[in-house]
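One structure is given here, and the rest of the page talks about it.
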């Protein structure tokens, strides 16, 4: 993983990330409810000790904290992590955060009941070694029989078709209308791609165009499944958005 590339990408996006959602607070609540629906059958109602190891500005972490869980966030981006803590406090929730690479988590062994790695974050790790190291760290900080909850884009079709772009999104909130779209530049290996993330925001002269760039690995479900199993997890289950209510495919697995 090019750490500086990913960190710079999310540092730059942190102030505008909420613009991806027509109603960010509603999205927090909806996603927390979906994640709770995956955790409860395995661990009970809780409250649980939860680590969101790619918390960003807190979309999942804040929702889970407001639902009563004891949540800690960590993220490679110091700007995003700081915003997550501030946004949680503004909503009456405590969310301590740490600036950390998911490959070297600064937490003691068995500290958490649940580890969440959502929003396609695993795809920023560009080698098998990096993926394995991150999953090993997630397992280390989970208690015995603790639950890993991991979400990732459905890349299986994309790997076959190699799309040049992701569909544009249009959202409108108190900040005005925002148009978000992505261009994908595939590497020769057919698995990794350079991503250009565009946001168009209203401005007095027309549109303010903001562009951020990073690289991702289009991991298939088989690749993710194999890596999670190799890291020492068992009882692996994929949950489709239609059944889970979460916006991406989710893999749950227990620390074996």
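The values are calculated or read from the model by the stated rules, or taken from the named source; none is laboratory data. Computed from a prediction, not measured in an experiment: that's the story for all the values here. Here the Cβ is made from the backbone with ideal geometry for all residues, glycine too, and neighbour counts use every protein chain on show.
What the table below lists for this structure:
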read-out: Close pairs (7 angstrom Cβ cut-off, 6 or more residues apart or separate chains): within 23 Å of residue 10 (Cβ to Cβ) in region 216-227, assigned to a loop (DSSP other than H, G, I, E, B) anywhere; value: 217/125; 217/126; 217/191; 218/155; 218/191; 219/152; 219/155; 224/152
read-out: Among (1) touching a helix residue (DSSP H, G or I) at 6+ places or on another chain (Cβ under 6 Å); (2) surrounded by 15 or more Cβ atoms within 10 Å (Cβ to Cβ), the one test that residue 109 misses; value: (2)
read-out: Criterion (free of Cβ contacts under 8 Å to residues at least 40 places away in the same chain, in contact with a strand residue (DSSP E or B) (Cβ under 6 Å, 6 or more places away or on another chain) and farther than 18 Å from residue 120 by Cα) met by exactly one of 89, 65, 81, 93; value: 65
read-out: Positions within region 26-38 being out of contact with any strand residue (DSSP E or B) (no Cβ under 7 Å at 6 or more places or on another chain) and in contact (Cβ under 8 Å) with a residue 60 or more places away in the chain, in sequence order; value: 30, 31, 33, 34, 37
read-out: Elements of type strands (runs of 3 or more DSSP E) contained in region 139-256, each with 2 or more residues being modelled with pLDDT under 95; value: 165-173, 176-186, 192-203, 206-217
read-out: Filtered residues of region 45-62 (kept if touching a helix residue (DSSP H, G or I) at 6+ places or on another chain (Cβ under 6 Å) and over 18 Å from residue 122 (Cβ atoms)); value: 57, 58, 62
read-out: Residue satisfying all of: in region 2-15; modelled with pLDDT under 95 and either touching a strand residue (DSSP E or B) at 6+ places or on another chain (Cβ under 9 Å) or surrounded by 15 or more Cβ atoms within 10 Å (Cβ to Cβ) (or both); nearest to residue 201 (Cα to Cα) among these; value: 5
read-out: Residue check, residue 43 surrounded by fewer than 17 Cβ atoms within 10 Å (Cβ to Cβ) and in contact (Cβ under 8 Å) with a residue 24 or more places away in the chain; value: yes
read-out: Answer residue from region 68-78, given it is over 25 Å from residue 9 (Cα atoms) and touching a strand residue (DSSP E or B) at 6+ places or on another chain (Cβ under 6 Å) and is surrounded by the most Cβ atoms within 10 Å (Cβ to Cβ) among those; value: 69
read-out: Residue 255 being in contact with a helix residue (DSSP H, G or I) (Cβ under 6 Å, 6 or more places away or on another chain) and closer than 20 Å to residue 39 by Cβ; value: yes
read-out: Failed item, numbered, when residue 55 is tested on (1) without any contact (Cβ under 8 Å) to a residue 12 or more places away in the chain; (2) part of a loop (DSSP other than H, G, I, E, B); value: (1)
read-out: Matching residues in region 64-82 - criterion: being farther than 17 Å from residue 31 by Cα and either assigned to a helix (DSSP H, G or I) or at pLDDT below 95 (or both); value: 78, 79, 80, 81, 82
